[in-house]
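Each remark here refers to the structure printed beneath this line.
Every number in this text was worked out from the coordinates using simple rules, so none of it is lab data. Computed from a predicted model, the values in this text were never measured in an experiment. No Cβ is skipped: glycine too gets one built from the backbone with ideal geometry, and neighbour counts run over all protein chains shown.
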């Protein structure tokens, strides 16, 4: 799905009725995942938030709030036909607000997913200082990134939600007025298709992703260390002790970073004698995909033996950040009062490489006036008996 399709959809979608999950329903009505849509209606910085539900005839349901463009719940059936919510999140909008929890659960990240070294970059000779919110670096667009802003709802129906962010020049010190769009589409065959696009009036950087935390067992009390992970990548980008990429591209061969054959996440996650496991406190690295931008080829797969649920990730991005929930420490309570402990979930974030603005040898993240940024990711679900 490219921008031309998305543009056409938005134009056509102007005629759609914007329907929140909570509208035209009784207060007592809950989503399949048990969410009360009324708990997501509020005003943040003058904009109204809500909860929007996508459903298909196969029983899959995705609930999304326009606060941060966040996937709040994602329900699929396991091998026994039991509806299973496979993402971390909260029961109300209040818990997502930054004054209550500093989390990225399910968010549409912008302007720049992942880290920019020391919050510094140079565009066309202009030095730019960005906020430093993670070990001295700028992470996920800064402390007031798009995950903490309200997206405008452009169109919504049972299968598609189109969100738009009008980001002013100087938003978290990033240059240029940027208009970005996120289009979520739930397909009949249990895939959540996410298409991103953006335009700017000044040279800037754009690198968007979705930050869902997956636990395919449906029970965050159970660590994801038993999940089998496959990554279609022969190389990765090493990091230093502050989680910043060094500029190297290293082979995964004969290291704990090798997931070219599916294996349990926990098999080598604690082998801290390997420097990268120590530096990342587990897995918190970008893998260099060998898919060459072909989003019909599986970039990564995740499988939970306990439920039989399988997730395939397809993307046209050159990289994928795999984060094994190392900073979850039990201090956050999510849906149904569940405590989220270390490695309760894993993130699979399609993206350009971290700190690309400062590493010109890597694929460019510069967006210029007259150009259109586009990125595509699909979360496709299935069952293995």
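Just wondering, is there one or more residues in the stretch 176-189 that are in a loop (DSSP other than H, G, I, E, B), surrounded by 23 or more Cβ atoms within 10 Å (Cβ to Cβ) and in contact with a strand residue (DSSP E or B) (Cβ under 6 Å, 6 or more places away or on another chain)?
Taking the stretch 176-189 as the starting set, the residues that turn out to be in a loop (DSSP other than H, G, I, E, B) are 176-177, 187-189.
When the remaining residues are screened for being surrounded by 23 or more Cβ atoms within 10 Å (Cβ to Cβ), the result is 176.
Checking which are in contact with a strand residue (DSSP E or B) (Cβ under 6 Å, 6 or more places away or on another chain) leaves us with 176.
Yes, there is a match, as at least one residue in the stretch 176-189 is in a loop (DSSP other than H, G, I, E, B), surrounded by 23 or more Cβ atoms within 10 Å (Cβ to Cβ) and in contact with a strand residue (DSSP E or B) (Cβ under 6 Å, 6 or more places away or on another chain).
In this structure, is residue 354 out of contact with any helix residue (DSSP H, G or I) (no Cβ under 8 Å at 6 or more places or on another chain) and buried (at least 21 other Cβ atoms within 10 Å of the Cβ)? Full working, then the answer.
Numbers: out of contact with any helix residue (DSSP H, G or I) (no Cβ under 8 Å at 6 or more places or on another chain): yes; buried (at least 21 other Cβ atoms within 10 Å of the Cβ): yes.
When the stated conditions are applied, residue 354 passes them.
Among the residues of the stretch 224-234, write down those that are more than 18 Å from the chain's Cα centre (by Cα), under 12 Å from residue 305 (Cα atoms) and outside any strand (DSSP E or B).
Hits for the stretch 224-234 are 225, 226, 227.
Each row is one residue, and each column tells you yes or no for (1) out of contact with any strand residue (DSSP E or B) (no Cβ under 7 Å at 6 or more places or on another chain); (2) in a strand (DSSP E or B).
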{"site": "320", "(1), (2)": "no, yes"}
{"site": "326", "(1), (2)": "no, no"}
{"site": "329", "(1), (2)": "yes, no"}
{"site": "344", "(1), (2)": "yes, no"}
{"site": "353", "(1), (2)": "no, no"}
{"site": "376", "(1), (2)": "no, yes"}
{"site": "379", "(1), (2)": "no, yes"}
{"site": "382", "(1), (2)": "no, yes"}
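Can you tell me which residues in the stretch 133-168 are farther than 18 Å from residue 207 by Cβ and not in a strand (DSSP E or B)?
135, 136, 157, 158, 159, 168
Suppose we filter 201, 221 for residues that are under 30 Å from residue 304 (Cα atoms), touching a residue at least 24 places away in the same chain (Cβ under 8 Å) and surrounded by fewer than 22 Cβ atoms within 10 Å (Cβ to Cβ); which single one remains? Lay out the reasoning, then the answer.
Numbers: 201 fails: under 30 Å from residue 304 (Cα atoms).
221 is the lone residue from the list that is under 30 Å from residue 304 (Cα atoms), touching a residue at least 24 places away in the same chain (Cβ under 8 Å) and surrounded by fewer than 22 Cβ atoms within 10 Å (Cβ to Cβ).
Would the stretch 71-92 turn up any residue that is under 13 Å from the mean Cα position of the chain (by Cα) and over 25 Å from residue 303 (Cβ atoms)?
No, the stretch 71-92 contains no residue that is under 13 Å from the mean Cα position of the chain (by Cα) and over 25 Å from residue 303 (Cβ atoms).
Quick check on my filter: what residues within the stretch 305-339 are over 17 Å from the mean Cα position of the chain (by Cα) and crowded, with 24+ Cβ neighbours inside 10 Å?
Scanning the stretch 305-339 gives a single hit, 309.
Output the residue which, of all residues in the stretch 194-215 that are within 11 Å of the chain's Cα centre (by Cα) and part of a loop (DSSP other than H, G, I, E, B), is farthest from residue 266 (Cα to Cα). Working first, answer last.
Kept after step one, since they are within 11 Å of the chain's Cα centre (by Cα), are these residues of the stretch 194-215: 194, 208-214.
After this cut, where a residue has to be part of a loop (DSSP other than H, G, I, E, B) as well, the list is 208, 211-213.
Details: 208: 28, 211: 21, 212: 20, 213: 17 Å.
Filtering the stretch 194-215 for residues that are within 11 Å of the chain's Cα centre (by Cα) and part of a loop (DSSP other than H, G, I, E, B), the one farthest from residue 266 (Cα to Cα) comes out as 208.
Let's see how each residue does on (1) farther than 21 Å from residue 351 by Cα; (2) in contact with a helix residue (DSSP H, G or I) (Cβ under 9 Å, 6 or more places away or on another chain); (3) touching a residue at least 24 places away in the same chain (Cβ under 8 Å):
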position: 78; (1), (2), (3): yes, no, yes
position: 81; (1), (2), (3): yes, no, no
position: 125; (1), (2), (3): yes, no, no
position: 130; (1), (2), (3): no, yes, yes
